[in-house]
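> Let me begin by handing over the structure; questions about it come next.
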Amino acid sequence: MEDFFGLLGPILQSTVRNATPLVFAALGGLFSERSGVVNIGLEGLMLISAFAGVVGANLSGSAFIGLGTAVAAGLLFALIHALMTVTFEADQIISGTAINLLALGGTGFLMVAIFGSGGTSPRIEGFESVAIPVLSSIPLLGPALFDQSILVYLMYVLVPVVFFVVFHTPFGLRLRGTGEAPEAVDTAGVNVARMRYYGVGLSGVLAAFGGAYLSMGLLSAFTENMTAGRGFIALAALIFGRWNPIGAAGAALLFGFAQAVTYSVNEQAIPIEFIEMIPYVLTIIALAGLGGRAIAPAAIGKPYRKE
């Protein structure tokens with residue numbers, strides 16, 4: 001029994017750490033897609049922000065300044081996506097794909113331009129784990145939930161806050177209305193384009209927190225393509241959670257658990273390639289099982305032209 005709990009504790013702690021960037025990105029995608037804009041560029045937004053955070057922290061010596069540069073980068077590129085899709089009515093899938101490709105190639109190029117070599121950046125001051133007194137001493141759950149970085153604690157707070165904002169405030173009602181029936185909210189005097197800019201902009205900010213956590217919470221360095229598909233997994237968590245913050249967070253924890261399990265599997269018994277496939281196979285299974293029954297916002301992916 002002691003061996004079981006000794007193994008379960010690290011897995012739970014790893015689950016929370018692996019789920020945190022997914023939750024941030026899924027919450028961001030929720031704002032964008034609830035406003036009616038598909039954002040498959042979450043992967044690119046996370047990658048750009050992870051890089052910008054390391055650059056900011058490296059130049060300033062401050063993790064908080066690095067977090068600020070990460071958020072600024074995420075917001076900037078999200079607004080570019082909004083400009084292309086809302087104002088210029090470009091295809092939302094193509095725009096998101098362009099951001100992903102730009103992030104992958106651009107960060108690789110800037111790694112060499114700024115740090116002199118590719119691969120991995122110099123180590124920077126990141127966000128260390130902060131144990132909450134008393135709570136972190138709870139057997140099993142304490143270290144997993146309450147001995148984490150401040151970004152994880154921020155994630156805990158944001159899930160209920162986003163739920164309240166989206167479902168219990170006038171802003172959330174307008175946002176959801178824009179994604180469901182833009183003609184109706186336009187008739188009511190709500191600026192549809194502005195609400196969609198808000199939604200996409202917030203997706204960039206929240207995805208930036210996820211990217212910053214990867215490079216400044218987990219590793220304290222940037223490595224090329226370090227997101228490794230997490231933006232797409234976050235999008236799957238959003239769909240699996242039916243565009244609900246609590247459901248998306250729960251799905252992200254499931255995927256985080258799958259990733260945590262891969263670290264504890266005996267590599268001698270199972271080839272490493274199969275172990276690394278587990279989170280992505282789970283993503284495909286989840287989407288295949290629920291994707292057809294999850295009802296997306298009615299106007300998602302459709303440009304709105306005011307008559």
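The values are calculated or read from the model by the stated rules, or taken from the named source; none is laboratory data. Keep in mind the model is a prediction, meaning the values are calculated, not measured. All Cβ positions, even for glycine, are placed from backbone atoms using ideal geometry, and neighbour counts span all protein chains on display.
> Mind checking whether some residue in the range 226-237 is over 25 Å from Leu67 (Cα atoms) and of a type in the set (A, V, I, L, M)?
Yes: one or more hits.
> Further, regarding this structure: Does the range 198-235 hold any residues that are within 16 Å of Ile40 (Cβ to Cβ) and more than 11 Å from the chain's Cα centre (by Cα), and which are they?
Gly199, Val200, Ala228
> I would also like to ask the following. Tell me which of these Leu158 doesn't satisfy, since it passes every other one: (1) touching a Pro at 6+ places or on another chain (Cβ under 6 Å); (2) surrounded by 15 or more Cβ atoms within 10 Å (Cβ to Cβ).
Result: Leu158 passes all but (1).
> Step by step: first the residues of the range 275-301, then only those that are in contact with a Gly (Cβ under 7 Å, 6 or more places away or on another chain) and modelled with pLDDT of 80 or more, then the one that is farthest from Val86 (Cα to Cα). Which residue is that?
Looking at the filtered set, the residue picked out is Pro297.
> Return the total of residues in the range 52-87 being assigned to a helix (DSSP H, G or I) and farther than 21 Å from Leu202 by Cβ.
Going through the range 52-87 one residue at a time, the tally reaches 8.
> Can you tell me which condition Pro143 does not meet? The list is (1) part of a helix (DSSP H, G or I); (2) of a type outside the set (Asp, Glu); (3) loosely packed, with under 13 Cβ neighbours inside 10 Å; (4) over 20 Å from the mean Cα position of the chain (by Cα), and all the others hold.
(3)
> Might you check whether a residue that is within 20 Å of the chain's Cα centre (by Cα) and among the polar types (S, T, N, Q) occurs anywhere in the range 64-77?
Checking the range 64-77: at least one residue is within 20 Å of the chain's Cα centre (by Cα) and among the polar types (S, T, N, Q).
> So in the range 208-249, with the set limited to residues that are hydroxyl-bearing (Ser, Thr, Tyr) and part of a loop (DSSP other than H, G, I, E, B), which one is surrounded by the fewest Cβ atoms within 10 Å (Cβ to Cβ)?
Taking the candidates together, the pick is Ser220.
> Considering each residue of the range 191-205, count those that are farther than 11 Å from Phe31 by Cα and either modelled with pLDDT under 95 or crowded, with 20+ Cβ neighbours inside 10 Å (or both), and give that number.
1
> Given the conditions (1) assigned to a helix (DSSP H, G or I); (2) free of Cβ contacts under 8 Å to residues at least 40 places away in the same chain, and given that Ser117 satisfies all but one, which numbered condition is not satisfied?
Condition not satisfied by Ser117: (1).
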